[in-house]
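Peer 1: Dumping the structure here so I can ask a few things about it.
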Amino acid sequence: MKVTFTLDDELADFLQREAASRHLALGAVLNERLTVAKPLDGRHRSIIVSDAATLHELEKLLGSGHILGEFDLLSKVRRLASIEFGAHRFELTAGQLEELKFRAGKTGRTVEQLVEDLYRRMSQDLFRTVA
């Protein structure tokens, strides 16, 4: 199938430089890019496109460096949005996490220290309540 489309000048220049550096025709580079994008078919999946400033802010909020892909993003969000009490995991909203950070900061502790103290107290209270 032959398809004709227009690229903006900056993108066209970028792709032409890539093609030249790899000693490929521009069509071959475009074909590679489209093949890689096929799993992202909008009829079945969604993708998030972000400008550099927004991506940088998201990476800063999530911590642990650059977002490497969809599984890395999911992992970082899960880590950000939960705490563990022993073997139990509690999912948190961003607001709840901010509240924990605020309360930990008021007492000069980290969130991790606050959670450890809460777990210790809850464990003691549980055994006092059951006894």
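The values are calculated or read from the model by the stated rules, or taken from the named source; none is laboratory data. These numbers were taken from a predicted model, which means no experiment stands behind them. Cβ placement follows ideal geometry from the backbone for every residue including glycine, while neighbour counts extend to all protein chains displayed.
Peer 1: Answer yes if at least one residue in region 70-84 is surrounded by fewer than 10 Cβ atoms within 10 Å (Cβ to Cβ) and out of contact with any Phe, Trp or Tyr (no Cβ under 7 Å at 6 or more places or on another chain), and no otherwise.
Peer 2: So far as region 70-84 goes, yes, one or more of its residues are surrounded by fewer than 10 Cβ atoms within 10 Å (Cβ to Cβ) and out of contact with any Phe, Trp or Tyr (no Cβ under 7 Å at 6 or more places or on another chain).
Peer 1: Restricting to region 54-91, give me the number of residues that are in contact with a helix residue (DSSP H, G or I) (Cβ under 7 Å, 6 or more places away or on another chain) and in a strand (DSSP E or B).
Peer 2: Residues that pass the stated criteria total 2.
Peer 1: Within region 50-78, can you find the residues that are over 8 Å from the mean Cα position of the chain (by Cα) and in contact (Cβ under 8 Å) with a residue 12 or more places away in the chain?
Peer 2: 55, 61, 63, 64
Peer 1: Separate question: If residue 92 meets every condition in (1) in contact with a Ser or Thr (Cβ under 7 Å, 6 or more places away or on another chain); (2) modelled with pLDDT of 80 or more; (3) not assigned by TED's automatic domain parsing to the domain that holds residue 62 apart from one, which number is that one?
Peer 2: Single failed check for residue 92: (2).
Peer 1: What pairs can you find where one residue is in region 12-38 and under 16 Å from residue 1 (Cα atoms), the other is surrounded by 13 or more Cβ atoms within 10 Å (Cβ to Cβ) and not small (Gly, Ala, Ser), and their Cβ atoms are less than 8 Å apart, with a gap of 6+ or different chains?
Peer 2: These pairs meet every condition: 30/15.
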